[in-house]
Amino acid sequence: MEFLTLNPIICIGWIIVGAIAGAVARQIMGSKDQPFVNDVVLGLVGSIVGGFVAGLLGIARPDGGLDRVIINLIISIVGAIILIYIGRLIRGRR
């Protein structure tokens, strides 16, 4: 169970990918600027949602390296976009 080992470098990588994914998704969806922490949370939760959707669609992920980082970033962005869309449906667009 490799994923249960919390290496500090991996955690920093999660934060970086989360921040990038959240910021990119927010820009794609035309949302207003948010604090850094909001982008990180949006990206991290987007990773969970995107991973779930990718699993349902049968999208395979590479075993490692830069390919895996890029695929995970794309999946995180898609998941964050889904979250923004759902949030707009629930709140209504202001």
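The values are calculated or read from the model by the stated rules, or taken from the named source; none is laboratory data. This one's a predicted model, so the numbers in the text were calculated from it and none came from an experiment. Every residue, glycine among them, receives a Cβ derived from its backbone with ideal geometry; neighbour counts consider all protein chains shown.
Assorted remarks:
- Between Ile10, Ile59, Ile75, Ile28, the distinction of being within 12 Å of the chain's Cα centre (by Cα) and surrounded by 11 or more Cβ atoms within 10 Å (Cβ to Cβ) belongs to Ile75 only.
- Cβ-Cβ under 6 Å pairs, at least 6 apart or on other chains, segment 43-58 side under 16 Å from Ile86 (Cβ atoms), far side of a type in the set (S, T, N, Q) and crowded, with 18+ Cβ neighbours inside 10 Å: Gly43/Ser76; Gly46/Ser76; Ser47/Ser76; Gly50/Ser76
- Residues of segment 78-94 that turn out to be assigned to a helix (DSSP H, G or I) and either loosely packed, with under 15 Cβ neighbours inside 10 Å or touching a Pro at 6+ places or on another chain (Cβ under 7 Å) (or both), as a count: 7
- Condition check for Ile16: modelled with pLDDT of 85 or more, surrounded by 13 or more Cβ atoms within 10 Å (Cβ to Cβ) and of a type outside the set (D, E, K, R): yes
- Only a single criterion out of (1) part of a loop (DSSP other than H, G, I, E, B); (2) touching a helix residue (DSSP H, G or I) at 6+ places or on another chain (Cβ under 7 Å); (3) touching a residue at least 12 places away in the same chain (Cβ under 8 Å) is not satisfied by Pro62, namely (3).
- Here Ser47 clears all of (1) over 16 Å from the mean Cα position of the chain (by Cα); (2) crowded, with 19+ Cβ neighbours inside 10 Å except the condition numbered (1).
- Filter pass, Asp39 being among the acidic types (Asp, Glu), without any contact (Cβ under 8 Å) to a residue 40 or more places away in the chain, within 19 Å of Arg91 (Cβ to Cβ) and assigned to a helix (DSSP H, G or I): yes
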